[in-house]
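Novice: Have a look at this one before I ask anything.
The values are calculated or read from the model by the stated rules, or taken from the named source; none is laboratory data. Being a predicted model, the structure only gives us computed values, none of them experimental. Cβ placement follows ideal geometry from the backbone for every residue including glycine, while neighbour counts extend to all protein chains displayed. For the accessible areas, the whole protein counts, side chains as well, though only heavy atoms, and no ligand, DNA or RNA atoms are used. Shrake-Rupley method; radii C 1.70, N 1.55, O 1.52, S 1.80 Å.
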Amino acid sequence: MAGLYIHIPFCRKACVYCDFHFSTTLKSQGDLVKSILKEIEIRSDFLGEPLESIYFGGGTPSLLSFDELEAILLQIKRNFQVSEHCEITLEANPDDLTRETLENIKLLGVNRLSIGVQSFQESDLEYMGRVHTKEQAISAVTIAQEIGFDNISIDLIFGTPGSNDSKLRENIDYTLKLNVQHVSAYSLTVEPNTILHHNILRKKTIGPSDENVARQFLLVHDRLTLNGFEHYEISNYALEGYQSKHNSNYWKGVPYLGIGPSAHSFNGQSRMWNVANNARYIKNINSGSVAYQEERLRDKDKINEYIMLSLRSYGIELAFYERQFGLPKEGLLDKAKDFLENGTLSLNNDVMSLTKEGMLYSDAISAELFED
């Protein structure tokens with residue numbers, strides 16, 4: 001099974017922390033949708049296996065009109081074999097999700113929503129540059145459930161300056177009361193060249209503290225897992241049976257195709273990423289070609305990606321590691337010795353995983369286990 005990602009690079013307003021490719025100028029949206037339809041046709045032979053997941057990300061995919069979303073889904077079905085149980089996810093902002101919009105989305109076959117709530121605290125929303133309110137977030141989830149959506153994920157961001165543990169607990173309590181099936185919880189990160197980065201440099205605002213982020217990461221973990229959520233990836237929690245197929249495929253190394261400007265693809269041997277410029281993307285597609293860069297993965301790259309992605313999620317299966325890469329597990333276990341002893345890694349049934357404390361240091365631990 002494979003995955004398909006559609007990047008919709010438009011937003012009404014820029015969030016201060018976002019470093020994804022997007023534009024707040026919507027005038028080219030129609031032309032870009034036409035180019036997406038054409039790229040789907042151009043790259044119809046990229047995967048060669050049925051789609052298990054279709055994911056509309058961005059940007060803000062909920063800005064698509066009914067006709068645009070319908071056209072993209074029909075084009076996908078014309079050019080790819082779609083599994084009967086395909087997970088079709090649409091990322092959405094709460095302020096876009098009226099009852100009519102949600103009814104139309106469901107009518108088109110979207111069966112999973114990922115709603116960018118981020119926080120139920122007005123002070124957090126203002127700091128992050130979000131345009132929706134707490135009431136709109138609660139209403140969006142409630143109406144979606146009334147219409148029949150039974151696979152809903154919400155995003156939460158923790159570690160914002162000015163927030164505290166009490167407010168974070170309140171955010172989680174709201175989340176639990178809404179009875180959603182999935183939560184993606186991210187620490188506020190200051191990415192280069194974002195509005196937040198520039199504001200911090202100009203001393204217009206303060207950034208997150210590592211101590212606050214680490215403490216709140218553990219708080220989120222404890223409260224969600226105590227309420228029946230499985231912490232199945234560093235930033236993701238799900239009730240049983242509701243792990244995101246799309247995200248899980250990334251971490252398992254399943255092939256996927258990315259459509260749209262800046263979208264990434266993976267075929268098992270190389271990674272490709274489309275040009276991150278709407279005008280150039282449209283121009284190239286109109287000429288019948290896709291502008292992208294490609295990185296061929298060396299054997300060492302494949303090993304290290306497996307280590308990094310597996311540690312983030314389901315753990316390193318040592319028998320698979322030996323069989324797939326022809327390397328003895330003893331060498332990897334020797335590198336991991338200190339982490340196993342200090343409790344940041346655990347070993348159970350020949351699977352090596354990060355503990356909740358280890359998740360705070362995942363990048364550093366992965367780097368120590370990498371093949372030189």
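Novice: Roughly how many nanometres apart are two label points built 7 Å out from the Cα toward the Cβ at residue 145 and residue 301?
Specialist: About 4.5 nm separates the two model spin labels.
Novice: I would also like to ask the following. So how exposed is residue 314, as accessible area in Å² (1.4 Å probe, rounded to 10)?
Specialist: Result for residue 314: roughly 90 Å² accessible.
Novice: Please state the charge dipole magnitude for the chain, taken about the Cα centre, from unit charges on C-beta atoms (+1 on K and R, -1 on D and E), reported in debye and rounded to the nearest 20. Each step should come with its number before you reach the end.
Specialist: Working: 36 positive and 51 negative charges, 206 e Å.
Dipole size: approximately 980 debye.
Novice: Tell me the accessible surface of residue 346 in square angstrom (1.4 angstrom probe, heavy atoms of protein chains only), to the nearest ten.
Specialist: Approximately 30 Å² for this residue.
Novice: Might you report the magnitude of the Cβ-based charge dipole of region 154-244 about its Cα centre, with Lys and Arg at +1 and Asp and Glu at -1, to the nearest 20 debye?
Specialist: Details: 8 positive and 11 negative charges, 101 e Å.
Using Cβ point charges on Lys, Arg, Asp and Glu, region 154-244 gives about 480 debye.
Novice: Karplus couplings for region 236-252 from phi (6.51 cos²θ - 1.76 cosθ + 1.60, θ = phi - 60°), rounded to Hz, Gly and Pro as x?
Specialist: 10, 10, 8, 5, 4, x, 10, 4, 5, 4, 4, 5, 4, 5, 4, 6, 8
Novice: Now for a different question. Could you give me the ³J(HN,Hα) list for region 264-281, computed from phi with Karplus coefficients 6.51, -1.76, 1.60 and θ = phi - 60°, whole Hz, x at Gly and Pro?
Specialist: Using θ = phi - 60°, the values come out as 9, 9, 8, 10, x, 10, 8, 10, 10, 9, 5, 4, 9, 8, 4, 5, 5, 4 Hz.
Novice: Among residues other than residue 218 whose Cβ falls under 15 Å from its Cβ, what is the net charge (Lys/Arg +1, Asp/Glu -1)? Please report the intermediate quantities before stating the final value.
Specialist: On the way: positive: 169, 215, 223, 356; negative: 165, 210, 211, 222, 357.
Within the 15 Å Cβ shell, the charges total -1.
Novice: Carbon and sulfur together cover what percent of the accessible area of the chain at a 1.4 Å probe radius?
Specialist: Roughly 47 percent, rounded to a whole number.
Novice: Please list 28, 166 from largest to smallest accessible area, probe radius 1.4 Å, with all protein chains kept in place. Write down the numbers at each step before the final one.
Specialist: Details: 28 35, 166 75 Å².
These residues rank, largest area first, as 166, 28.
Novice: Wrap a convex hull around the Cα atoms of the chain, take a quarter of its surface area, and give that in square nanometres.
Specialist: 18.8
Novice: Rg (Å, one decimal) plus Dmax (Å, integer) for the alpha carbons of region 30-96?
Specialist: Rg, Dmax (Cα atoms, Å): 12.3, 38.
Novice: Using a simple spin-label model with points 7 Å from Cα along the Cα→Cβ vector, what separation in nm is obtained for residue 342 and residue 77?
Specialist: 5.4
Novice: Using the Karplus curve 6.51 cos²θ - 1.76 cosθ + 1.60 with θ = phi - 60°, what ³J(HN,Hα) values do you get for each residue of region 115-131, in whole Hz, with x for Gly and Pro?
Specialist: Using θ = phi - 60°, the values come out as 9, x, 6, 6, 6, 9, 9, 4, 5, 5, 4, 5, 4, 7, x, 7, 9 Hz.
Novice: Same structure, new question: Excluding residues on the same chain fewer than 8 positions from residue 283, give the lysines whose Cα lies under 23 Å from its Cα.
Specialist: Counting by Cα, and skipping residues close in sequence, residue 283 has these lysines nearby: 27, 34, 38.
Novice: Follow-up. State the answer as a single residue: which of 264, 163, 151 lies farthest towards the positive end of the charge dipole of region 111-264, with beta carbon charges of +1 for Lys and Arg and -1 for Asp and Glu, about the Cα centre.
Specialist: Sorting the options by dipole projection puts first 264.
Novice: While we're looking at this one, here's another question. Please compute, for the alpha-carbon atoms of region 195-245, the extent along each of the three principal axes and give them in descending order in Å.
Specialist: 46, 24, 12 Å, listed from the longest principal axis down.
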